[in-house]
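The values are calculated or read from the model by the stated rules, or taken from the named source; none is laboratory data. Values in this document were obtained by computation on a predicted structure and should not be read as measured data. Here the Cβ is made from the backbone with ideal geometry for all residues, glycine too, and neighbour counts use every protein chain on show. Protein only, heavy atoms only, side chains kept; ligands, DNA and RNA dropped before computing areas. Shrake-Rupley method; radii C 1.70, N 1.55, O 1.52, S 1.80 Å.
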Amino acid sequence: MSETYDRLVDLLVDRFEVDRAEIGPDTKFEELDMDSLFLVELLLVIQSEFRVAVGEDAATPGDTVATVAALIEAGLPVPGPSAAAASATGERA
């Protein structure tokens, strides 16, 4: 897998206390008992940690970890504080 995928897994383990053994590329967030509210929080953390612009509704509980890693890789780099404004308007990269 990619460095982005590995960083995402580390984020899930370190910040959200997910058991690393439960995470695989094809693991869906719903299989990890993560709902839509959790994903909003995760996407906000992703914006900060990865410095990419992703909308709060860019992922669903039915998406896989690999899908979100690909979303991060496709995201546009965030130049500065304006990322929050783009996110608030629901713009997608």
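At-a-glance table
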quantity: Of all residues in the range 68-82 being out of contact with any helix residue (DSSP H, G or I) (no Cβ under 6 Å at 6 or more places or on another chain) and crowded, with 17+ Cβ neighbours inside 10 Å, the one that is modelled with the highest pLDDT; calculated: V68
quantity: Single condition D26 does not satisfy, out of (1) open to solvent by less than 80 Å² (accessible area, probe 1.4 Å); (2) in a loop (DSSP other than H, G, I, E, B); calculated: (1)
quantity: Selection from the range 33-67 of residues that are assigned to a helix (DSSP H, G or I), crowded, with 19+ Cβ neighbours inside 10 Å and of a type outside the set (A, V, I, L, M, F, W, C); calculated: Q47
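Let's see how each residue does on (1) out of contact with any Cys (no Cβ under 9 Å at 6 or more places or on another chain); (2) closer than 15 Å to V9 by Cβ; (3) among the aromatic types (F, W, Y); (4) in contact (Cβ under 8 Å) with a residue 40 or more places away in the chain:
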site: E30; (1), (2), (3), (4): yes, no, no, no
site: D35; (1), (2), (3), (4): yes, no, no, no
site: F38; (1), (2), (3), (4): yes, no, yes, no
site: L42; (1), (2), (3), (4): yes, yes, no, no
site: R51; (1), (2), (3), (4): yes, no, no, no
site: E56; (1), (2), (3), (4): yes, no, no, no
